[in-house]
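Laboratory data are not the source of any read-out in this text; all were calculated from the coordinates shown. Quantities reported herein were computed from a predicted structural model and do not represent experimental measurements. In this analysis, Cβ positions are derived from the backbone assuming ideal geometry, glycine residues included, and neighbour counts consider all displayed protein chains.
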């Protein structure tokens, strides 16, 4: 058998240098899972503080740090990478590609996200975490009220992680546009790929806004600029506009992939084609478009006036229409189907009423006069957790149970998966449903205690116990993963769920090159069409031949270290360190541009042997 031009790396070095989208997806999964547990622990500590009136476990600045780091971690360091994990693992397979368009950039995106997340969390040990809230509103995040380095860690950590997310989004845009298999037109793409495509477009246009805001705040804090200093002609509302021009599309960056995951799972386990596919596609596009037109509903109470408030109120109500289309299409997909309630489908079906509640409270908040009453109360906390946790996390759990065999070649335990669902689902509703009423009864958000005798005791007690139950459900998922991978069991079949899309045509886990021969696509649900025609697999669009693969590279890892060093230098005003860190990045960029990646070939005999092993 012919050898590779370049030998494969093994062990830890393989994971550090990999540019394989499937392994990068696993890296995103592990890192995002770690940050999710960290953010969940911060949430549990806050709920324990609020379990009873006038407790003093975590009060004052400590509570504010927990609050800030919980929100920041969950949005930027847990939700985004977990979504990118599934996108990396699934999108190239669904479009019949052998990798993403820019494997090197894909690796760089992960390491930048990870180094930014580590930098941000080091603030706990190096002078205190940020305490200005996860939205970092000025002047609270300025030097006047946040004198420690916490907000500087926030600013630099999110800039580095954000660059990684931005280049990752661009990578997926180019991949989906240019690398679809022959016959896979845009209107034949699976729904998850469509949502990944729109999400990537949102990332491209939304992340520059938060990057600009973070740069301005960095200049204010580190270099003495006055962009947000009112006394010197600055404007505090400038930060809010920049943050929410990013912040509201970010909600759809997080929830649209969950919509796609749910669509794939429900269609498979109802044994039906997704109802109203074209309507679902255009609803996704409209949601993405309108997502940029509603940011001021976060700012109804800042005094922009009735005209601005009315326009953004109407735009916010409009976005409920394409969202409603999706909900009815999922219900009609289930209607009359041969439904199997696997763990994945339980999470998918549970998603529908949960997200619907979040959407309805969103419409309530879109009414500007009513928003004056809901503003900064626990009603708002309940609303956005119903959207992001009840929506996105249920979608992610459905995706994990559905695509786990394709990622790892192992089937997660179904009985444990169902316990995982019921504990998480019941715990979630116990946590956040009472918070609607706590808000309507006058409990403000971001407070670390409340007085007794205000009828807030029962709601807070139930909410805390719900959070504990939800945490147990999450830990049960980790137990399931450990049990599955420690237990000796046969490799998962290529198509364990009787799937409909291209990823189920190849071995589980997917081989290094994904497809021995690029498939030819003949319609929506390409694999299902071939099954109905009596074919055992996809018709190839090319002869079997050697496959060229990109070489692994350590440069993305080294570049992320350079950014990390530069970030630390800026935080502590040690500009020599900042110059050294940026110098490392520039040297790596020069080396990368100077030295071509010649890659390596996998020969035909090795492909045949791998495919034969997969069939056995």
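Relative to the longest principal axis of the Cα atoms of the chain, helix 236-270 runs at roughly 40 degrees. Taking N as the number of residues in region 360-411, what is its alpha-carbon radius of gyration divided by 2.2 N^0.38 Å? Here the answer is 1.72, to two decimals.
State the dimensionless ratio Rg/Rh of region 74-130 (Rg: radius of gyration of Cα atoms; Rh: Kirkwood radius). Can you show the working numbers first?
Details: Rg = 14.7 Å, Rh = 13.0 Å.
Across region 74-130, the Cα-based Rg/Rh ratio is 1.13.
Taking the chain as the reference, fit the longest principal axis to its C-alpha atoms, fit the long axis of helix 343-366 to the helix C-alpha atoms, and give the angle between the two in degrees, 0 to 90, nearest 10. Relative to the chain, helix 343-366 is tipped by roughly 40 degrees. Angle of helix 414-440 to the longest C-alpha principal axis of the chain, folded into 0 to 90 degrees and rounded to 10: 20°.
More than 33 Å apart: what percent of Cα pairs in the chain qualify? In whole percent, the long-distance tail amounts to 45. Compute the relative contact order of the chain as a whole-number percentage, counting only Cα pairs closer than 8 Å that sit 6 or more residues apart in sequence. 18 percent. Over region 8-100, the reciprocal of the mean inverse Cα-Cα separation, the Kirkwood hydrodynamic radius, stands at 15.3 Å.
Can you run the Rg to Rh ratio on region 152-258? Use alpha carbon positions and the Kirkwood inverse-distance Rh.
Working: Rg = 17.4 Å, Rh = 15.5 Å.
Using Cα coordinates only, the ratio equals 1.13.
The Cα-based radius of gyration and maximum Cα-Cα distance (Dmax) for region 203-310 are 19.1, 64 Å.
Distance from the alpha carbon centroid of region 446-499 to that of region 373-431 works out to 8 angstrom.
In the P(r) worked out for region 268-423, what percent of Cα pairs fall beyond 22 Å?
Values: 6109 of 12090 pairs.
I get 51 percent for the Cα pairs in region 268-423 exceeding 22 Å.
Protection proxy ranking, highest mean first, for peptides 442-451, 544-553: 544-553, 442-451, where packing is the per-residue count of other beta-carbon atoms within 10 Å, averaged.
Normalised size of region 95-214, defined as Cα radius of gyration per 2.2 N^0.38 Å with N residues, equals 1.33.
Applying 1/(1 + (r/R0)^6) with R0 = 35 Å to the Cβ-Cβ distance of residue 56 and residue 575, what FRET efficiency is obtained, to the nearest 0.05? Don't jump to the answer; show the numbers that get you there.
Values: r = 41 Å, r/R0 = 1.18.
Efficiency at R0 = 35 Å is approximately 0.25.
Over the Cα atoms of region 527-603, the radius of gyration divided by the Kirkwood radius equals 1.38; this is the Rg/Rh ratio. For region 432-531, place one equal point scatterer on every Cα, skip the solvent, and apply the Debye formula. What is log10 of I(q)/I(0) at q = 0.11 Å⁻¹? For the requested q values the scattering log ratios are -0.66. Enclosing the Cα atoms of region 386-467 in their convex hull gives a volume equal to 99 cubic angstrom per residue.
Below 8 Å between Cα atoms, with a sequence gap of 6+, how large is the relative contact order for region 1-151 in percent?
Details: 161 pairs, mean separation 43.6, N = 151.
Relative contact order here is 29 percent.
With 20 Å as the cut-off, how large is the P(r) tail for region 466-576, expressed as percent of Cα-Cα pairs? Cα-Cα pairs in region 466-576 separated by more than 20 Å: 68 percent.
Using only the C-alpha atoms, the convex hull of region 51-94 corresponds to 79 Å³ per residue.
Here the convex hull built on the C-alpha positions of region 100-153 has a volume of 87 cubic angstrom per residue.
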